[in-house]
Structure formats: structure tokens, C-alpha cells
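Visitor: Let me give you the structure first, and then I'll get to my questions.
Throughout, read-outs are computed from the coordinates displayed, never taken from laboratory work. Here the structure is a predicted model, which means the values were calculated and not measured. Glycine gets a Cβ as well: all are built from the backbone with ideal geometry, and neighbour counts include every protein chain shown.
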Ligand code: NAD
């Protein structure tokens, strides 16, 4: 790709939870399209370094930064550090997330709070810092037609209920309304906020769903496209949503799910 054809040239992106899975794929894709990328991690510096190394090998730019997205002070410091190094932030990918599964009647308050704290409050804390910076800087037409872009990593479970995962499904339902509300509130300032709703993507979070041929076969019953998604599938969607090609796209969830939302149980006529 020539520098001129890179859609995110000269822009700065923070990707949370970028040491693994979807976040790593998104960080690499944004960097390949010209963005300088902050590879945020919470617990695995070695994996974050690997992601950064791979970005640099492809001619990209970035640095790794340890921050727990559920901690206000960590998040503020991550934005301060990014702005002091690169001058601003153009793109936030609110990706960090986890599961702590339990039958609902056995779910502890700790399991509930842990998931909500990272998956929902973490997105709030990062988005608030990003919006403050976008407002401060305003539009710089040479960089982007928007004052800033936020991509929230949601899930098909912002709409599909998920037994045994009430905390996770509630967090993603919350992300949907957080995303739409911020999008509505700041659209007049040309700040764009959208979500990606992945289906089943091959990452450590759902290892059990694809690790054995039997599990994989079961999983494919839920996916009309008959293949699991890869982090690269999400990376491509993130580049598009962050770029000016999506300038008029605001407040949507782009489902990247191989058709998982198409009621696959009806495939053979119900
Ligand atoms: P993953 O476990 O590989 O990655 C999650 C990342 O979040 C890890 O890097 C982890 O270290 C990081 N993280 C966890 N807690 C953190 C914290 N407090 N602060 C900062 N980082 C933290 O899983 P993944 O599948 O890549 O998940 C990424 C996102 O995609 C999550 O929000 C998840 O809910 C969403 N998602 C995944 C799938 C899927 O099928 N893999 C489907 C739908 C949605």
C-alpha cells in the first residue's frame, strides 16, 4: 500500500486490550493503514510487545501502554501519555473485554461487577477521555473529516440473549445504548461513534468453542457462513469505520458475524 492510499495516515489510535485476539488484529490493521497505534494491555507485556513488533515489521508505528480500563486514573494517564507523545488522539477502539460465566442464580456480585466494570464502565471511561480530546482539538481536515472516531467492541450479544452469561450480555446491551447516546450527543461536533458486533471470532475468549472438531461442528450450526471469524475480519471493519469512507456512518452496530443474527435455526425451514 502506498502512503497516499493509506486511509488513516497521520492519525493516532488507542486500541484497548490489544495484546490478544480481536484487539491485536485491529491494532495491526489500523497500523497497516497508517495510524500510529497505542497497544494497550493490562497484564501481558510480552504479548503486547509481540503485537508492536509485528506492527513495526510492517513499517508501522506505535507503543505499548499498560492500563486497566476499569480504573479511571489508569485511563486518564494513558490518554495523557498518548497526547504528550503524539499530540492528540483521533481514534479510540474500546475493545477490552472479558467473560466471567455463571448460572444467573449462582452469579456472584464479584462476577457481575468485574464484567460490568471492564466491559461497560471501561468503555465509558475511555470514551469520555477521547471525546474531551476530540472537542479540544476539533476537526483537522488534512487528517480526517471527523473530529474523532470511537469504535466500541460490542457483540451479537447486544441483541441475542445468552443463558449463563447474564453479566456479559448486559454489558454489551449497555454498550449499545452508551454508543448510540454518545453518537447522538456529539454528532453535531462531527464526532462519530459506532460499534462492531462480532459473532464467533477465533480468539482465546471462546477457545472452548473451537478447540476440538466436535465443538467446532456445534459452533458452525450457529453460523450460516459455515466458518468461524478471524481477528482480521474485524480489523478490516474497524479500518473502514475509522476512515472517512464511513464519514456519514454514525451510531450503528456493524455486525461482523457470518450471518449469526439470521436465525440459523430456521435454515432448514424451522
Ligand atoms: P481476548 O481475551 O483475546 O482479548 C481480550 C483483551 O482484553 C485481552 O487483551 C485482555 O488482556 C484485555 N483486557 C481484559 N481486561 C482488561 C482491562 N481491565 N484493561 C485492559 N485490557 C483488558 O478476547 P477477544 O475475543 O479478542 O475479545 C475482544 C473483545 O471482543 C471483547 O470486548 C469481547 O467481548 C469482544 N467479542 C469477542 C467475540 C469473539 O468471538 N471472540 C465475539 C463478540 C465480542
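Visitor: So what is Rg over Rh here for region 20-60, counting just Cα atoms and using Kirkwood for Rh? Mind dumping the intermediate values first?
Guide: Details: Rg = 9.2 Å, Rh = 10.0 Å.
Rg/Rh for region 20-60 comes to 0.93.
Visitor: Here is a further query. Gap in Å between the Cα centre of region 90-121 and the Cα centre of region 30-82?
Guide: Rounded to whole Å, the Cα centres lie 21 Å apart.
Visitor: Below 8 Å, C-alpha to C-alpha, sequence gap of six or more: please give me the relative contact order for region 94-245 in percent. Intermediate results must be reported in sequence, preceding the final value.
Guide: Numbers: 202 pairs, mean separation 37.3, N = 152.
Across region 94-245, relative contact order equals 25 percent.
Visitor: May I pose another question? Using only the alpha-carbon atoms, how far is helix 122-137 inclined from the longest principal axis of the chain? Give it as 0 to 90 degrees, nearest 10.
Guide: The angle comes out near 20 degrees.
Visitor: Okay, moving on. Is the C-alpha gyration tensor of region 152-267 telling us rounded, prolate or oblate? Criteria: a/c under 1.5 is rounded; beyond that, a/b larger than b/c is prolate, otherwise oblate. Could the numbers behind the result be given before it?
Guide: On the way: a/c = 2.32, a/b = 1.74, b/c = 1.33.
It comes out prolate by the Cα gyration axes.
Visitor: Just want to confirm a number: the relative contact order over region 94-175, from Cα pairs under 8 angstrom separated by 6+ residues, in percent. Present the calculation step by step, with values, prior to reporting the outcome.
Guide: On the way: 99 pairs, mean separation 35.2, N = 82.
Answer for region 94-175 is 43 percent.
Visitor: Considering the chain as a Gaussian network with a 10 Å cut-off on Cα pairs, which listed residue, 156, 140, 175, attains the greatest mean-square fluctuation?
Guide: Of 156, 140, 175, the most mobile in the Gaussian network model is 140.
Visitor: Follow-up. If one takes the longest principal axis of the Cα atoms in the chain, at what angle in degrees, from 0 to 90 and to the nearest 10, does the Cα axis of helix 45-57 lie?
Guide: Helix 45-57 and the main axis of the chain meet at about 60 degrees.
Visitor: Listed highest first by mean packing, meaning other Cβ atoms within 10 Å per residue, what order do 127-133, 204-210, 86-92 come in? Can you show the working numbers first?
Guide: On the way: 127-133: 19.4, 204-210: 13.1, 86-92: 21.7.
Most protected by this proxy first, the peptides run 86-92, 127-133, 204-210.
Visitor: Rounded, prolate or oblate: which fits region 8-96, taking a ≥ b ≥ c as square roots of the Cα gyration tensor eigenvalues, rounded meaning a/c under 1.5, else prolate when a/b beats b/c?
Guide: Details: a/c = 1.71, a/b = 1.16, b/c = 1.47.
Oblate, because a/c is 1.5 or more while a/b does not exceed b/c.
Visitor: Can you tell which of 67, 24, 215 shows the greatest fluctuation in a Gaussian network model of the chain with Cα springs below 10 Å?
Guide: 215
Visitor: With labels modelled as points extended 7 Å from the Cα through the Cβ direction, what inter-label distance (nm, one decimal) is found for residue 76 paired with residue 54?
Guide: Here the answer is 3.4 nm between the modelled labels.
Visitor: Relative to the longest principal axis of the chain, what angle (0 to 90°, nearest 10) does the C-alpha long axis of helix 166-186 take?
Guide: Long axis of 166-186 versus the principal axis of the chain: about 30 degrees.
Visitor: Within region 246-261, whose backbone N sits under 17 Å from a point 7 Å along Cα→Cβ of residue 184?
Guide: 250-253
Visitor: From Cα pairs below 8 angstrom and at least 6 apart in sequence, can you work out the relative contact order of the chain, rounded to a whole percent? Each step should come with its number before you reach the end.
Guide: Details: 556 pairs, mean separation 53.0, N = 270.
So the answer I get is 20 percent.
Visitor: Based on the alpha-carbon gyration tensor of region 107-184 and its eigenvalue square roots a ≥ b ≥ c, which shape applies: rounded if a/c is under 1.5, prolate if not and a/b is larger than b/c, or oblate?
Guide: On the way: a/c = 3.91, a/b = 2.26, b/c = 1.73.
Note, shape of region 107-184 comes out prolate.
Visitor: Here's something else I'd like to know. Starting at 0 and stepping by 10 Å, how many percent of the alpha carbon pairs of region 12-258 end up in each bin?
Guide: 8, 33, 38, 17, 4, 0
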